[in-house]
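The values are calculated or read from the model by the stated rules, or taken from the named source; none is laboratory data. Everything numeric in this text was worked out from a predicted model, so none of it was measured. Here Cβ is always computed from backbone atoms with ideal geometry, including for glycine, and neighbour counts include all displayed protein chains. In case anyone asks, the SASA skips ligands and DNA or RNA and just uses the protein heavy atoms, side chains included. Shrake-Rupley method; radii C 1.70, N 1.55, O 1.52, S 1.80 Å.
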Amino acid sequence: MLQRTFHTPLTHRILFTRDAFSPTNDAVQKLLCVEAGPRRVLALIDAAVTAEHPQLLPQIHAYQQAHAEVFTLAAEPLVLPGGEACKNGLEPLMQVFQIVHEAHLDRHSYLFAIGGGAFLDLVGLAATLAHRGIRYIRFPTTTLSQADAGVGVKNGINFFHKKNWLGTFSVPHGVVNDAAFLSSLPEREWRNGLIEAVKVALLKDAAFFHQIEQSIPALRQRAMAALEPIIQRSAELHFHHITEGGDPFEKGSARPLDFGHWAAHKLEQLSDFQLTHGEAVAIGLALDVTYAELAGFLATAVAERICRLIRKLGFALYDERLLQREADGRYALLQGLHEFREHLGGQLSIPLIRDIAQPFEAHEMDDERILAAAIRLREMN
Ligand SMILES: NC(=O)c1ccc[n+]([C@@H]2O[C@H](COP(=O)([O-])OP(=O)(O)OC[C@H]3O[C@@H](n4cnc5c(N)ncnc54)[C@H](O)[C@@H]3O)[C@@H](O)[C@H]2O)c1
Ligand SMILES: [Zn+2]
């Protein structure tokens, strides 16, 4: 047996900016200049983004002309449907492959994806598979993707009717968080990223949790000045976790960032994705916080404070699917926990907290107590 452990350096980059494609903004240029040219770029854009920001296509052209010495466009920027539907099945993936092929992109070319988390997951998967990996730059355009998903190193699509069944881990060449995109989001989407900020604050940063609490009145008015620093801090905390947490490609069974997510994934599935990821995570967080309180890990006042914040941000704490029963009478939620345990290979690992910013991994969850927590949320909601 020949055996040697070797390391290949990985660099993760995030830029925080506004109006990335205005001619004087140097964020994109900076990212492209990390490596020597010539640089060919193909930009793929989520249709919901161009619908709300019709100036984007001419801006990309003007930006290229202003930086012609830095890059060329391999083909016209292309607008494709985004949203969860673009992750369902192989057809959209094949379409991206076809586009990449026709534009003659090679391993040294750059694929830009501008869109929501779903669109980035799709284009990112295509970018890591075509030619075994084309350089890929993400431009997340939703609060959730800027605060969490877009900052990560995962790509994927849904397959066999299972979420993210087909996917890759890969560090993108860069991520550009452009705050100007966020103003056009519908109410539900605007709110979604805030819950991932609450989640990561509960795990890692008590001062940040307090900052979110203080921002409630402004957030309720959709004040961008309050939203932007929260999304940015959330992205930073996720970024630090990925680059310093020791397990960026999730080889171990612990998912320390997935607080509130075991129940959320089940709820999303039970609702046929009528609940957004953010809405499901809000309920999942409330459930795990209430569970931690009932189990004696977390003080009642802290649990109530957290649930109050979630509520004030405009999220529900409860959904009737939490207590939904399957045909055989079993609770679907408990079945979700069972599936999750199987997925982890038998040993549960659920992040919980003892206080704000004091996380630990629980290896057992009591069924009766989970149901009691759900009933408590039904009363509080
Ligand atoms: N890769 C990861 O690490 C990771 C982590 C968490 C979640 N995810 C994935 O991210 C996806 C959810 O992402 P999302 O919350 O961004 O949802 P989304 O991508 O479905 O976007 C929500 C909706 O908003 C539209 N939209 C996007 N930008 C807009 C803008 N600026 N103005 C108006 N409308 C806009 C989209 O077209 C879509 O219809 C899920 O598929 C989830 O699995 C990935
Ligand atoms: Zn999440």
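Taken over the stretch 137-185, the residue count meeting the criterion of being modelled with pLDDT under 95, within 16 Å of ligand 2 (Cβ to nearest atom) and over 19 Å from V49 (Cα atoms) is 4.
So, A357, is that one in contact (Cβ under 8 Å) with a residue 12 or more places away in the chain, among the aliphatic types (A, V, I, L, M), surrounded by 14 or more Cβ atoms within 10 Å (Cβ to Cβ) and on the phi > 0 side of the Ramachandran plot or not?
Working: in contact (Cβ under 8 Å) with a residue 12 or more places away in the chain: yes; among the aliphatic types (A, V, I, L, M): yes; surrounded by 14 or more Cβ atoms within 10 Å (Cβ to Cβ): yes; on the phi > 0 side of the Ramachandran plot: yes.
Yes, satisfied.
Within the stretch 39-67, the residues that satisfy the criterion of being within 13 Å of ligand 1 (Cβ to nearest atom), aliphatic (A, V, I, L, M) and open to solvent by 30 Å² or more (accessible area, probe 1.4 Å) are A47, A48, A51.
Can you find a residue that is in a loop (DSSP other than H, G, I, E, B), in contact (Cβ under 8 Å) with a residue 24 or more places away in the chain and charged (D, E, K, R) anywhere in the stretch 310-319?
Of the stretch 310-319, the ones in a loop (DSSP other than H, G, I, E, B) are 313-319.
Those left that are additionally in contact (Cβ under 8 Å) with a residue 24 or more places away in the chain: 313-319.
This time we only want the ones that are charged (D, E, K, R), so: 319.
Looking through the stretch 310-319, at least one residue is in a loop (DSSP other than H, G, I, E, B), in contact (Cβ under 8 Å) with a residue 24 or more places away in the chain and charged (D, E, K, R).
Among the residues of the stretch 76-126, those identified as open to solvent by less than 40 Å² (accessible area, probe 1.4 Å), more than 16 Å from ligand 1 (Cβ to nearest atom) and out of contact with any Ser or Thr (no Cβ under 9 Å at 6 or more places or on another chain) are I99, L105, S109, Y110. Looking across the stretch 165-183, the residues that are within 10 Å of ligand 1 (Cβ to nearest atom) and surrounded by fewer than 15 Cβ atoms within 10 Å (Cβ to Cβ) come down to F169, S183. In this structure, does F139 turn out to be within 24 Å of K30 (Cβ to Cβ) and outside any loop (DSSP other than H, G, I, E, B)? Judged against the criteria, F139 is a match. Taken over the stretch 242-258, the residue count meeting the criterion of being within 13 Å of ligand 1 (Cβ to nearest atom) and either crowded, with 21+ Cβ neighbours inside 10 Å or not in a loop (DSSP other than H, G, I, E, B) (or both) is 2.
Within the option set L337, L322, being hydrophobic (A, V, I, L, M, F, W, C), more than 22 Å from A206 (Cα to Cα), touching a helix residue (DSSP H, G or I) at 6+ places or on another chain (Cβ under 6 Å) and not in a loop (DSSP other than H, G, I, E, B) holds for one residue only, L322.
Residue-wise test of (1) within 30 Å of L56 (Cα to Cα); (2) polar (S, T, N, Q).
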position: T168; (1), (2): yes, yes
position: A179; (1), (2): yes, no
position: K199; (1), (2): no, no
position: Q221; (1), (2): yes, yes
position: E236; (1), (2): yes, no
position: I242; (1), (2): no, no
position: P256; (1), (2): no, no
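Scanning the stretch 113-134 for residues that are in contact with a Pro (Cβ under 8 Å, 6 or more places away or on another chain) and outside any helix (DSSP H, G or I) yields G115, G116. Looking across the stretch 81-96, the residues that are out of contact with any helix residue (DSSP H, G or I) (no Cβ under 6 Å at 6 or more places or on another chain) and without any contact (Cβ under 8 Å) to a residue 60 or more places away in the chain come down to A85, E91, M94, Q95.
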